[in-house]
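The values are calculated or read from the model by the stated rules, or taken from the named source; none is laboratory data. Worth saying up front: this structure is predicted, and the values here are computed from it rather than measured. No Cβ is skipped: glycine too gets one built from the backbone with ideal geometry, and neighbour counts run over all protein chains shown. Quick note on the areas: whole protein, heavy atoms, side chains included, nothing else; ligands and nucleic acids left out. Shrake-Rupley method; radii C 1.70, N 1.55, O 1.52, S 1.80 Å.
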Amino acid sequence: MTLDVAWAVRWMRDTAEMVVSSRDELTELDRQIGDGDHGENLNRGFQAVVAKLDGLEQQPAQIGDVLKLVATTLMSSVGGASGPLYGTAFLRAAKVTGLAELDSSAVVALLEGALEGITARGKAVPGEKTMVDAWQPAVDAAVAAADAGASPEGVLEAALAAAEEGARATIPMLATKGRASYLGERSIGHQDPGATSTVVVLRAAVAAATAPGE
Amino acid sequence: MTTPQVGDRARIALVLVSHSARLAQGVAELAAQMAPGVLLLPAGGTDDGSLGTSYDVVSAAVEEGLVGTDGVVVLADLGSAVMTIESVIELDDSLDGRVVLADAPFVEGAVAAAVTAHGGGSLAEVLASAEAAGGTFAQSAGAPGGGGEFVPAPGPADQLAGAAGIEDDSPGAPRAVTLRNPLGLHARPAAILARLVAGYDAKVTVNGVNAASVLELMKLGATGGRELVVAAEGPQADEARDAAVAAVEEGFGEV
């Protein structure tokens, strides 16, 4: 399957659906160590994205156009920290994907752009119990997979597997960034909601790449 | 022609970004009382008025603040408010150099900035005023700023650190001790230390902040390997200081 504009659109629609099905899980995780609104905020954001996509007169020419629309929509509609974080992630990813179709190295560039946006905005580094703990291993794995000659889908799959592992690895971490850091040691033992939603977003990217859309 | 009021000289507007519409409104009222005539624009809450920050609300306030002024200084409260205004600035190149975010506490920074704007301060002056309020805030509350890395505020902590090199035998005189806990002075050791010093008839400080306050100790952001300067005053100054130093040396029982 080609990673083209139709894939990018499917990715966002799949994300919206998967956020709906994981909304309660995300909200529960966020209730334990945050302000309890992550699932609801992301749902509002991606529903707004779907509405924007539905309202398009014609399909955008480039993947970057889709991601830019996602970025500005999330920033305007999410409400919590994940709005500017995911918004900037998609914005920076858009800047490196002014393309109609992605090869393996372009998938890596997309993921690197997203990570760069998140670290620029959130100032987090790995080990602080944030979404960076899922994104950083995802990017590392994507780079390794592309170097090993993986297909674009294979690069996404490698990124997803590493993000899942990274999200699980946040459970024993002490939060030192974000709202959970106010809890100090009480943040230990809970999986980070942002790292968890990162997995959802990447799972949707893989699903959109491996299953044919309508 | 009427005589211009002092506030009429204001060339800079303030945008106050908060998760709460009422908080932003309240800070605007507070600052307005001390700086009438300055354009103070609250940008709190989401589009529907619930808790959170809205890109659209913030960007509309910034646009409004730029009308007829030389620029906008932005104050923000918690993390996502900061990220939202940074996103607004990043997405719109035309705001470059005209809209700046102050690294300052929300209330103190807003009041200080408003007063400077009221006196006709430039963008750089109003920004500096807000950020200097942050310095005062850090000294009184022991906050190191958002980075998590401990940066000693100039003032009491530095003076103490300087004094620590000198053998001073007066009661409770400063002593330097190295923090051994790899995770630094996080919640558990901070609580141990605060409870310990509260048991003495003495006022104990660590790097210039009140050691009886868990929050102030945690706000130091002291990481493992960092040198702490412990000092005390009062009838049991020596005992309290020595107990605190010993607790740090023992790694609070976790190393």
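Couple of notes before you dig in:
- Lys pairs, the protein assembly as shown - Cα-Cα below 14 angstrom, 8 or more residues apart or on other chains: 5
- For B:LEU228, the residues 5 or more places off, or on other chains, whose built amide H falls under 5 Å of its own are B:VAL177, B:THR178, B:LEU179.
- Annotation: peptides A:46-58, B:104-116, ranked by per-residue average of other Cβ atoms within 10 Å with the highest first, follow the order B:104-116, A:46-58.
- Taking all Cα pairs closer than 8 Å and separated by 6 or more residues, the relative contact order of chain A comes to 24 percent.
- The protein assembly as shown - accessible surface per residue (Å², probe 1.4 Å): 42 Å²
- Here the spin labels are modelled as points 7 Å beyond Cα on the Cα-Cβ line, and at A:ARG186 and B:ALA191 they lie 0.9 nm apart.
- Distant-in-sequence amide H partners of B:VAL74 (H built 1.01 Å from N, under 5 Å): B:VAL15, B:VAL100, B:LEU101, B:ALA102
- Within 10 Å of each Cβ in A:178-186, the average number of Cβ atoms from other chains: 3
- Accessible-area composition of the protein assembly as shown, carbon plus sulfur, in percent [1.4 Å probe]: 54 percent
- Pair B:GLU29, A:VAL125: separation of 7 Å Cα→Cβ label points (nm): 4.3 nm
- Each residue of region A:117-122 was assigned a 3J(HN,Hα) from its phi angle through the Karplus curve 6.51 cos²θ - 1.76 cosθ + 1.60 (θ = phi - 60°); the sequence is x, 5, 6, 5, 7, x Hz, with glycine and proline shown as x.
- Scattering curve values for the protein assembly as shown, log₁₀ I(q)/I(0), Debye with Cα scatterers, q = 0.06, 0.10 Å⁻¹: -0.32, -0.83
- Accessible surface buried by the B/A pair amounts to about 1600 Å², both sides summed, 1.4 Å probe.
- Sequentially through region A:189-200, phi angles give Karplus couplings (6.51, -1.76, 1.60; θ = phi - 60°) of x, 10, 6, 5, x, x, 5, 5, 6, 4, 4, 4 Hz, Gly and Pro residues having no value and appearing as x.
- The mean number of Cβ atoms from other chains found within 10 Å of a Cβ in peptide A:99-112 is 0, as a whole number.
- Phi angles across region A:91-97 convert, under the Karplus curve 6.51 cos²θ - 1.76 cosθ + 1.60 with θ = phi - 60°, into 3J(HN,Hα) values of 5, 5, 5, 5, 5, 9, 10 Hz, Gly and Pro given as x.
- Neighbouring partner chain Cβ atoms per residue of B:72-80, average, 10 Å criterion: 3
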